[in-house]
1. Taking segment 137-173 only, how many residues are loosely packed, with under 13 Cβ neighbours inside 10 Å and either outside the structural domain of Lys192 (by the TED database) or in contact with a Cys (Cβ under 9 Å, 6 or more places away or on another chain) (or both)?
2. Which one is nearest to Thr120 (Cα to Cα), of the residues in segment 89-102 that are among the aliphatic types (A, V, I, L, M) and modelled with pLDDT under 90?
3. Against the condition over 30 Å from Cys187 (Cα atoms) and surrounded by fewer than 17 Cβ atoms within 10 Å (Cβ to Cβ), how does Asp91 come out, does it pass?
4. Of all residues being at pLDDT 95 or above and part of a loop (DSSP other than H, G, I, E, B) in segment 190-200, which is surrounded by the most Cβ atoms within 10 Å (Cβ to Cβ)? Just the residue, please.
5. Grab the helices (runs of 4 or more DSSP H) fully contained in segment 1-85, keeping just those with 1 or more residues being open to solvent by 90 Å² or more (accessible area, probe 1.4 Å).
6. Please go through segment 148-175 and pick out each residue that is assigned to a helix (DSSP H, G or I) and out of contact with any strand residue (DSSP E or B) (no Cβ under 8 Å at 6 or more places or on another chain).
7. Got a sec? Which of Gly140, Gly145 is part of a strand (DSSP E or B) and either among the small types (Gly, Ala, Ser) or farther than 24 Å from Glu22 by Cα (or both)?
Amino acid sequence: MTRVSVEAWSHGDGWLSVDTGEWIADRGEYRADLTDDLREWMDENGHQWPHDDVITAWITARTGELPSGLHGDGTVWHHNLFNFADHLIDDLGFTVLSAGELGDLMITVSDHSGGYEAPTVYRSTVDELEEWADYTHATGECARGHRWHTVDTVRLHASDGADMTTYRVPDQVRVPFGDRARAYVACPECGKAVRFVNRF
């Protein structure tokens, strides 16, 4: 599970976030050999941008097979996250695919405000595509045992269903003494800090 932090400007103004590297590490294992091979192949073949068709051509050149979706059917799966959306991670573009003998791969193609970076290859260590698609769910608990969850990083719900009220995460953000490094989400029931993790 990936630890979720609170980014905030002031009371009632903030959002949930995870470290992108930690989020990826929970789902994949960095492969230096494949990363180097992909980058070198792109250079040798005059490809500047790692579009899906370029990644598909690289996989085909290395395995003799077209890649497919993570579960062995359909096209490669890709997503781009940007900081204007409600995501635990921001500014990341990536592709997830099944690459024959190379296994299930996740390839990052952008970072830092969504700008292109050289592609980096990871071997997937999870079984379900949904785990790569999960960048909005988080669960948390306060010191008094009140449990909460969010499925979109904006609305907060009681995990046990005892409180049917929907709370807004930004409204619950607190910044003690104006110190943004100490920001937390206050439990709607008791006011104690809720510590969140990404659910996978």
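The values are calculated or read from the model by the stated rules, or taken from the named source; none is laboratory data. Source: prediction; values computed, not measured. FYI the Cβ positions are ideal-geometry reconstructions off the backbone, even for glycines, and counts take in every protein chain you see. Surface areas here come from the heavy atoms of the whole protein model, side chains and all, with no ligands, DNA or RNA. Shrake-Rupley method; radii C 1.70, N 1.55, O 1.52, S 1.80 Å.
1. 2
2. Going through the qualifying residues, I end up with Leu92.
3. So Asp91 fails the test.
4. Step one: filter segment 190-200 for residues at pLDDT 95 or above, giving 190-196.
Remaining after also requiring part of a loop (DSSP other than H, G, I, E, B): 190-192.
Numbers: Cys190: 12, Gly191: 12, Lys192: 15.
Applying the filter and picking the extreme gives Lys192.
5. On the way: elements: 20-25, 32-44, 52-63.
Output list reads 32-44, 52-63.
6. Of segment 148-175, the ones assigned to a helix (DSSP H, G or I) are 169-172.
Residue satisfying the conditions is Asp171 alone.
7. Details: Gly145 fails: part of a strand (DSSP E or B).
The unique qualifying residue is Gly140.
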